[in-house]
Structures are given as structure tokens and as C-alpha cells.
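If you scroll down you'll find the structure; I have some questions about it.
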Amino acid sequence: MTQADIDRLGPADARWVAERIAEAFLVLDATRWLVPDEAKREAVLAAQFEIVVSHALRHGLVFGTADRVGVAVWLPSVGDPLPEPEDYDARLAAACGEWTPRFAHLDELFAANHPHADHHHLAMLAVRPDRQGAGVGSALLRHHHAWLDANGVPAYLEASSETSRDLYARHGYRVAEPFRLPDGTPFWPMWREPGSQPA
């Protein structure tokens, strides 16, 4: 996959991007904790992710592969902090229903562990399940890393599985001690200096 196979997405793409992420994240331990009801999990996740994706489409960068198999959601944290999504609390409650407190708890965990130095935050990287492990995620990473390296900007993310943690490590991210959900599920904070070479 080449850089030409990756597009910057716009507001009309918010829903399918959110659905792609929800589909990819269904198997994660964290999403099982967030929405214990398996029958409702994907719909709740898609509704919550659409809030984040719409926000990133306004204030950040969202990229998708030309075949719409993979997506990457980046939020710049450079200079003044980004505003919260508009009407966030009400929209979160509408999206998540009885599980809203769990999503709010995760938001607080992310905020407490977020670095203060300027960076671009990879909020979400997702690949359709039947194409995972085929290099799509790596292509999306290389696409924005090229810009970050050219402009001297670090990157930050929270890896939600050992598989993703190891993928990011291969792309130059350094892992820190994990923070955990109440059930013990870990998230690994990871930082990449511009110009870090893949392992």
C-alpha cells in the first residue's frame, strides 16, 4: 500500500469511520468492560466513536485507505488545548446509556495520563478484522509519521492490546508503564519522537 492509497476524510465520512472502528475494536478487553452486553456493544461503540471522529474531522486529521479498510484518527495537541466536543456530556449519555459512567471513567483515565508536551495524538487506528495483520495499519502509521518527521512533531497514543502495543513499538514508539481499567485491563501509553526509525 502506498501513500497514494490513503485519503484525508471529511465530515460526510464520520459514520462509516465510527462503524469501522467499532467493528475492529469489538474483540478488545477494554470494549468488553465498557459495554458488557455483547448484543449492544457494537452499536454503543459506534455511537460513541462517532462523537470522537466528528470532533477529529473538525479539529484534527482523519485518514482512510482508498478501499476503506483502515482508518486513523489524529488529534493535534500543539499550543492551545483542543476544545471538548460540543455538548459532550449530553451526547455521551445519549450514545452510551447505562454504560455512560464507564466511558466517563475511561475519559478521566486518558486525561490523567496524557502528556503535556506538544504532539499529535493517535486517538484511534482501526483495520477491518479480515484485513488485520496485512500491513494496512502500518501504511496508515507511515503516512502521518512522514509529516510528523518532516515537521519535528512527536506522537502519542494509548495501546489497548499487546498486539497493537507491539505494532507501535515496531514503528518507533516507546512504551511506558500501563494504566488500568477497574477490572485490570491495561492501556499502554506510548510516545514517538520525530524521526524514530521502525524496528
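The values are calculated or read from the model by the stated rules, or taken from the named source; none is laboratory data. What you see is a predicted model; the values in this text were computed from it and never measured. Each accessible area value is taken on the protein alone, full model and side chains, heavy atoms only, with ligands, DNA and RNA left out. Shrake-Rupley method; radii C 1.70, N 1.55, O 1.52, S 1.80 Å.
Check which residues have an amide H placed less than 5 Å from H119's amide H, if you skip close sequence neighbours.
Long-range HN contacts for H119: S77, V78.
Search the structure for amide H atoms under 5 Å from the amide H of L181, placed 1.01 Å from N in the peptide plane, and list their residues when 5 or more places away or on another chain.
Correct list: F187.
Given (1) 37, 22, 18; (2) 25, 21, 13; (3) 24, 19, 18 as candidate values of semi-axes √(5λ) of the Cα gyration tensor in Å, which corresponds to the one derived from the coordinates?
(3)
Using only Cα atoms and rounding to the nearest 10 degrees, what angle (0 to 90) does helix 136-151 make with the longest principal axis of the chain?
Relative to the chain, helix 136-151 is tipped by roughly 60 degrees.
How far is helix 14-25 tilted, in degrees, relative to the longest principal axis of the Cα atoms in the chain, given as a value from 0 to 90 rounded to the nearest 10?
It is inclined by approximately 90 degrees.
Can you work out the Karplus-derived ³J(HN,Hα) for every residue in the range 63-78? Use 6.51 cos²θ - 1.76 cosθ + 1.60 with θ = phi - 60°, whole Hz, and x for glycine or proline.
Going residue by residue, I get 10, x, 5, 4, 8, 6, 7, x, 9, 9, 10, 10, 10, x, 10, 10 Hz, with x marking Gly and Pro.
Rounded, prolate or oblate: which fits the range 31-103, taking a ≥ b ≥ c as square roots of the Cα gyration tensor eigenvalues, rounded meaning a/c under 1.5, else prolate when a/b beats b/c?
It is oblate, given that a/c is not under 1.5 and a/b is not larger than b/c.
Give me the accessible area of R32, 1.4 Å probe, in Å² rounded to the nearest 10.
About 110 Å², ignoring ligands and nucleic acids.
Residue by residue, what Karplus-based ³J(HN,Hα) values in Hz, rounded to whole numbers, does the range 154-160 have, using 6.51, -1.76 and 1.60 with θ = phi - 60° and x for Gly and Pro?
x, 10, 9, 7, 10, 7, 9
Follow-up. How do H59, H145 stack up against each other in accessible area, from largest to smallest, with a 1.4 angstrom probe?
In descending accessible area the options line up as H59, H145.
Additional query: Given Cα pairs under 8 Å that are at least 6 residues apart, what percent is the relative contact order of the range 56-199?
Averaging sequence separation for qualifying contacts and normalising by length gives 22 percent for the range 56-199.
Separate question: Mind grabbing the accessible area of E19 for me, 1.4 Å probe, Å², rounded to tens?
Rounded to the nearest 10, the figure is 80 Å².
Under a GNM of the chain (C-alpha, springs under 10 Å), which listed residue has the highest mean-square fluctuation: L148, L61, L28?
Most flexible of the set in this elastic network: L28.
Taking just the C-alpha trace of the range 110-199, give me its Rg and Dmax in Å.
13.0, 40
Restricting attention to the alpha-carbon atoms of the range 76-160, what are Rg (one decimal) and Dmax (integer), both in Å?
15.6, 44
Suppose we look only past 14 Å in the calculated P(r) of the range 1-62. What percent of the Cα-Cα pairs does that tail hold?
58
Against the longest alpha carbon principal axis of the chain, how many degrees, from 0 to 90 and to the nearest 10, is the axis of helix 100-113 turned?
Relative to the chain, helix 100-113 is tipped by roughly 30 degrees.
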